[in-house]
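What follows is a short report on a single structure.
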Amino acid sequence: EIRAIGYDDRGVAIHIGALRRFIKVGEIDLLVAELGLYGVRPDLEGLGITHSIRVMYPVLRDLGVPFGFGTVRSALQKHITRLLGRQGLATVLPGFRVRSARPDIYLTVPPTRVEDVVVLVLPIARPMSEWPAGEMIERNGPEL
């Protein structure tokens, strides 16, 4: 639904996207803005995600979603916790399984995949206490 692209004097510096969608957390359907398509120019690595998330908060409020949602691989848990969790920008939830539709269909593989990931939750219009319980998230579509 939306892409934010940051530029500096050297060109494109950073990119992040958001897609409003329903996911299922445990047995609860939940409207979220899924954050993804994140990229930062190599010379700016380590500087961009905190600023990107801060910039996206007003955009997510305008989308009318209760939560922002994203995932990262487990190897990035410490990095994401340092950049987002400790600053209160997101709650970092390890140990989740996320089922997604594959972007392409092949007869030789199942149409969905399940990944063990770290989930990021950004409370936008609702407090974190209203995030549903459950360790399985159904994305209801492909990963952003």
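Taken over region 125-138, the criterion of being crowded, with 17+ Cβ neighbours inside 10 Å and either at pLDDT below 95 or assigned to a strand (DSSP E or B) (or both) is satisfied by 137, 138. Of the residues making up region 58-117, those that are closer than 21 Å to residue 16 by Cβ and β-branched (Val, Ile, Thr) are 59, 65, 71, 72, 80, 81, 91, 92, 98, 117. If we scan region 10-25, do we find a residue that is within 14 Å of residue 61 (Cα to Cα) and surrounded by 15 or more Cβ atoms within 10 Å (Cβ to Cβ)? Within region 10-25, one or more residues are within 14 Å of residue 61 (Cα to Cα) and surrounded by 15 or more Cβ atoms within 10 Å (Cβ to Cβ).
Conditions (1) in contact with a Ser or Thr (Cβ under 9 Å, 6 or more places away or on another chain); (2) at pLDDT 90 or above; (3) buried (at least 16 other Cβ atoms within 10 Å of the Cβ); (4) of a type in the set (Asp, Glu), marked per residue:
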| position | (1), (2), (3), (4) |
| --- | --- |
| 29 | no, yes, no, yes |
| 65 | no, yes, yes, no |
| 99 | yes, yes, no, no |
| 103 | no, no, no, no |
| 108 | no, yes, no, no |
| 122 | yes, yes, yes, no |
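The lone criterion from (1) within 13 Å of the chain's Cα centre (by Cα); (2) within 22 Å of residue 140 (Cβ to Cβ) left unmet by residue 52 is number (2).
Counting only residues that are in contact (Cβ under 8 Å) with a residue 24 or more places away in the chain and more than 24 Å from residue 24 (Cα to Cα), which one in region 70-97 is surrounded by the fewest Cβ atoms within 10 Å (Cβ to Cβ)? Can you show your working first?
Going residue by residue through region 70-97, those that are in contact (Cβ under 8 Å) with a residue 24 or more places away in the chain are 70-74, 76-77, 80, 83-84, 87, 89-97.
If we keep only those that are more than 24 Å from residue 24 (Cα to Cα) as well, we get 83, 87.
Working: 83: 20, 87: 12.
Among those residues, the one meeting the criterion is 87.
In region 31-61, of all residues being hydrophobic (A, V, I, L, M, F, W, C) and within 19 Å of residue 101 (Cβ to Cβ), the one that is modelled with the lowest pLDDT corresponds to 37.
The values are calculated or read from the model by the stated rules, or taken from the named source; none is laboratory data. Keep in mind it's a predicted model, so treat the numbers as computed, not measured. Here Cβ is always computed from backbone atoms with ideal geometry, including for glycine, and neighbour counts include all displayed protein chains.
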